[in-house]
Structures are given as structure tokens and as C-alpha cells.
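Trainee: First, the structure itself, so that you have it in front of you.
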Amino acid sequence: MARETTKKITSIGGSALIEGIMMRGPKKTTVAVRMGKDDIYTENLEFTGITQKYKIFKVPFIRGIGGLIDSMRLSYKSLMLSADKAIEAGEVEEEEPSKFEKWLDEKFGDKLVKILMIFASIIGVAFAVGLFFFVPSFLYDLVCKLTSWAETRLFKSVFEGVLKIVLFLGYIIICSRMQEMKRVFMYHGAEHKTIFCYENDKELTVENVKKYTRFHPRCGTSFLVIMLILGIFIGLFVPVAPFGLAWLRPVIKILLIPLTCGIGYELIKICGKHDNAVTRILAAPGMWAQRITTKEPDDSMIEVAIAAITPVIPDDGSDIVK
């Protein structure tokens, strides 16, 4: 896929939300949410990441871990704000609470939401770990027992890696069929197109933004795909059954996530900063996956993206990557 050429590279990045977009610059973070046909709500978020608190998270390969943690925290905070505003504006219908839900609200109040979110997060992480680490390993062992397929690190790494990629792509394809998620993916496209417009020194207008591609080499989708592919290579160094225990392999691979994350972060930065044959090959799988996770936005979504990015652009050019 041909890459969009730009006059400069910015460190500004963002994420798509419910009827909105979050943009993060070197000095400010802004959330913009569509509240109505002619109304866009914007709010600057106060956020101090661990990369700002601890110098160790500025070290190459370690900074990727800090960046991922900060990104997840900020995305969660932004998502909750956009959900509240979307419900307030009537963009998302709020169901009538049941008697049980009313009782919980009376007993726990605002604490209930936090408790439920923590519980949901734990369940979500546990499900993801089981699906992407233990299930592929178990299925490979099962296939080997039922057939004469040799158990080798190469075959097992490839089998696990390909299955993870299939599961990931299958999941986002299913999500893309849902109307609510389709709109989120459209906002995702608006985010990318707006950043490209800014990187080409064009005035941030709807007409200018529409000219640019929705596929960006520094996208989080590309980062996830790179991590999945890296997992195949890292798996080559993990025994099929460490100490004779097959279940230890996925456990070790989980412990190696920080290493995978650190390497993946550096690769995505290189792909975003340089444009040559090597970086295009590295970025290609992630760019292909963006055909699913981004959709062409409408004009109203581009307006939201412009409202989100404008406040975070610093006057001193500190966002420009040299």
C-alpha cells in the first residue's frame, strides 16, 4: 500500500471514542464529542502519565511499556467522558434501569460504576489471556496428539501466531458489522485524515481533511499487529514444554509481553519516522488491518476531529519530530 507523504511528522496522536475523538499533544489532551447537529463539546483532560513521572520510561524499549500503560489509562478516561456526553446528548440511548440496578445504585452510588468497571476489566483481561495465549497452545498440542504432526518450536510458534492473528481479525470484523462500532471506526478514520492534513501544513478544514487517506503508519492497530507477528519470532526461543510442562509455555510468553511491547513500540516509531522499502514491509500488515478498523468519515465527524486536534497543537512546534 502506497504511503501518504507528509511535510512533517507530529507526535500528536489520538483515539476514536463514542461519537467523539481524543487528541493528545505534548502539552494538552482534548476530547471532542458530537452533542448535536451544530454542537461539539470539548474538554481538556488533566493527565500525568508514568512516562512523565519516571525517567526510566523514556529509555528505548522500556518507553514502549510506559507508553502502552499511559495510552490505556488515557483512552479509558476519554471513553468514559465521551459515553457520558453521548448519553447526555441523546446520541446513545440509555436503557431504563431494572429494580436490581436501582437497588445497587441506592446501596453503592457512584462506587458501583468503579466496582463494575474493575470487575469487567479483570474478566476481560482473563478472557483475552486465555483466548490468545492458552487456547492456541492447547489446540496445537491437541492437533499433535491426534495426528503425527511433530511438536517443534517452529511449527508451534507459527501455529499459535497465525491463530492469534485470525482471532484478532475475526474479532474486529465482527465488531465492524455493529452499527455503533462502525461509527467508532469512522471517527477513527477522521482522526487519521486530520493528522495527515496537519502534517501536510494544510489549513484544517473539512474539505482539506477529506483529501487524505485514513491509513496511518503510527496507528494503534498497526502496533497490535506488529506485536502479534513479533510473538511468532519470540516464541521460537520458548521451549514447546518447559521442564516437561506444556502449560508453562504460554505463561512464559505472557511474562515476555513487556519485551514484545518494547520492541513493537520501537518498530512502530521507526515506521512512522522513515519511509523506505523496509519500513513499508514492516508497516504493511498493520496498514492492511486498518482497512477494517478505519472507515471513511462523514463531514460531521471530521469537524469533531478538527475540534479535538486544534487545541493540542503547540505554538512552539514542540510536537514536530526532528
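Trainee: Could you please tell me which pairs satisfy a Cβ distance under 9 Å, a separation of 6+ or placement on different chains, a first residue in the stretch 275-291 that is within 18 Å of VAL184 (Cα to Cα), and a second residue that is charged (D, E, K, R) and assigned to a helix (DSSP H, G or I)?
Mentor: MET287/ARG280
Trainee: Can you pull out the strands (runs of 3 or more DSSP E) entirely within the stretch 1-82 that have at least 1 residues that are of a type in the set (Lys, Arg) and in contact with a Gly (Cβ under 9 Å, 6 or more places away or on another chain)? I'd like the intermediate steps shown before the answer.
Mentor: Working: elements: 13-17, 20-24, 29-36, 39-44.
Qualifying strands (runs of 3 or more DSSP E): 20-24, 29-36.
Trainee: Would you say ALA150 is loosely packed, with under 13 Cβ neighbours inside 10 Å, over 18 Å from the mean Cα position of the chain (by Cα) and more than 30 Å from THR10 (Cβ to Cβ)?
Mentor: Working: loosely packed, with under 13 Cβ neighbours inside 10 Å: yes; over 18 Å from the mean Cα position of the chain (by Cα): yes; more than 30 Å from THR10 (Cβ to Cβ): yes.
So ALA150 fits the description; yes.
Trainee: Here's a follow-up. Name the single residue that is modelled with the highest pLDDT among those in the stretch 36-53 being surrounded by 12 or more Cβ atoms within 10 Å (Cβ to Cβ) and over 17 Å from ILE21 (Cβ atoms).
Mentor: Only one residue tops the list, namely ILE50.
Trainee: Select from the stretch 87-129 the residues that are of a type in the set (Val, Ile, Thr) and open to solvent by 100 Å² or more (accessible area, probe 1.4 Å) and write down the one among them that is modelled with the highest pLDDT. Reasoning before the result, please.
Mentor: First, pick out the residues of the stretch 87-129 that are of a type in the set (Val, Ile, Thr): 87, 92, 113, 115, 118, 122-123, 125, 129.
Then keep just the ones that are open to solvent by 100 Å² or more (accessible area, probe 1.4 Å); that gives 118, 122.
Details: ILE118: 76, ILE122: 85.
Only one residue fits best here, namely ILE122.
Trainee: Among the acidic types (Asp, Glu), open to solvent by 60 Å² or more (accessible area, probe 1.4 Å) and modelled with pLDDT of 80 or more - does that describe any residue in the stretch 75-86? Quick ask: steps written out before the conclusion?
Mentor: Narrowing the stretch 75-86 to residues among the acidic types (Asp, Glu): 84.
Right, trim to open to solvent by 60 Å² or more (accessible area, probe 1.4 Å) and you get 84.
Now drop any that are not modelled with pLDDT of 80 or more, which leaves 84.
Looking through the stretch 75-86, at least one residue is among the acidic types (Asp, Glu), open to solvent by 60 Å² or more (accessible area, probe 1.4 Å) and modelled with pLDDT of 80 or more.
Trainee: Surrounded by 14 or more Cβ atoms within 10 Å (Cβ to Cβ), small (Gly, Ala, Ser), in contact (Cβ under 8 Å) with a residue 12 or more places away in the chain and within 22 Å of HIS274 (Cβ to Cβ): does that describe GLY220? Explain how you work it out, then say what you get.
Mentor: Values: surrounded by 14 or more Cβ atoms within 10 Å (Cβ to Cβ): yes; small (Gly, Ala, Ser): yes; in contact (Cβ under 8 Å) with a residue 12 or more places away in the chain: yes; within 22 Å of HIS274 (Cβ to Cβ): yes.
Yes.
Trainee: Of everything in the stretch 235-267, what is hydrophobic (A, V, I, L, M, F, W, C), in a helix (DSSP H, G or I) and surrounded by fewer than 19 Cβ atoms within 10 Å (Cβ to Cβ)? Give them in sequence order. If you could, list the steps in order and put the result at the bottom.
Mentor: If we filter the stretch 235-267 for residues that are hydrophobic (A, V, I, L, M, F, W, C), which is where we start, we get 236-238, 240-241, 243, 245-248, 251-252, 254-257, 259, 261, 263, 267.
From what is left, the residues that are in a helix (DSSP H, G or I) are 243, 248, 251-252, 254-255, 257, 259, 261, 263, 267.
PHE243, LEU248, VAL251, ILE252, ILE254, LEU255, ILE257, LEU259, ILE263, listed by residue number.
Trainee: Can we say VAL158 is among the hydrophobic types (A, V, I, L, M, F, W, C), modelled with pLDDT of 90 or more, surrounded by 12 or more Cβ atoms within 10 Å (Cβ to Cβ) and touching a strand residue (DSSP E or B) at 6+ places or on another chain (Cβ under 7 Å)? Give the derivation first.
Mentor: Details: among the hydrophobic types (A, V, I, L, M, F, W, C): yes; modelled with pLDDT of 90 or more: yes; surrounded by 12 or more Cβ atoms within 10 Å (Cβ to Cβ): yes; touching a strand residue (DSSP E or B) at 6+ places or on another chain (Cβ under 7 Å): no.
Taking the combined requirement at face value, the residue does not satisfy it.
Trainee: Moving on. Can you tell me which of (1) at pLDDT 95 or above; (2) open to solvent by 50 Å² or more (accessible area, probe 1.4 Å); (3) in a loop (DSSP other than H, G, I, E, B) is the one GLU303 doesn't meet?
Mentor: The number of the failed condition is (3).
Trainee: Another question about this same structure. Does the stretch 170-192 contain at least one residue that is open to solvent by less than 60 Å² (accessible area, probe 1.4 Å), of a type outside the set (A, V, I, L, M, F, W, C), touching a residue at least 24 places away in the same chain (Cβ under 8 Å) and part of a loop (DSSP other than H, G, I, E, B)?
Mentor: Checking the stretch 170-192: not a single residue is open to solvent by less than 60 Å² (accessible area, probe 1.4 Å), of a type outside the set (A, V, I, L, M, F, W, C), touching a residue at least 24 places away in the same chain (Cβ under 8 Å) and part of a loop (DSSP other than H, G, I, E, B).
Trainee: Would you check if PRO297 is closer than 21 Å to THR30 by Cα and out of contact with any Pro (no Cβ under 7 Å at 6 or more places or on another chain)? Spell out the reasoning first.
Mentor: Values: closer than 21 Å to THR30 by Cα: yes; out of contact with any Pro (no Cβ under 7 Å at 6 or more places or on another chain): yes.
In short, yes.
Trainee: Within the stretch 270-279, can one find any residue that is farther than 30 Å from GLU199 by Cα, assigned to a loop (DSSP other than H, G, I, E, B) and out of contact with any Gly (no Cβ under 8 Å at 6 or more places or on another chain)? Quick ask: steps written out before the conclusion?
Mentor: Taking the stretch 270-279 and keeping what is farther than 30 Å from GLU199 by Cα, we get none.
Within the stretch 270-279, none of the residues are farther than 30 Å from GLU199 by Cα, assigned to a loop (DSSP other than H, G, I, E, B) and out of contact with any Gly (no Cβ under 8 Å at 6 or more places or on another chain).
Trainee: Additional query: Looking only at the stretch 306-322, filter to residues that are among the small types (Gly, Ala, Ser) and in contact with a strand residue (DSSP E or B) (Cβ under 7 Å, 6 or more places away or on another chain); which one of those is least open to solvent (accessible area, probe 1.4 Å)?
Mentor: First pass over the stretch 306-322, keeping only residues among the small types (Gly, Ala, Ser): 307-308, 317-318.
After this cut, where a residue has to be in contact with a strand residue (DSSP E or B) (Cβ under 7 Å, 6 or more places away or on another chain) as well, the list is 307-308.
Numbers: ALA307: 28, ALA308: 0 Å².
Selected residue: ALA308.
The values are calculated or read from the model by the stated rules, or taken from the named source; none is laboratory data. What you are looking at is a predicted structure, and each value in this text was computed from that prediction instead of being measured. Note that each Cβ is placed from the backbone with ideal geometry, even for glycine, and that neighbours are counted across all protein chains shown. Note: accessible area is taken over every heavy atom of the protein model, side chains too, but ligands, DNA and RNA are not part of it. Shrake-Rupley method; radii C 1.70, N 1.55, O 1.52, S 1.80 Å.
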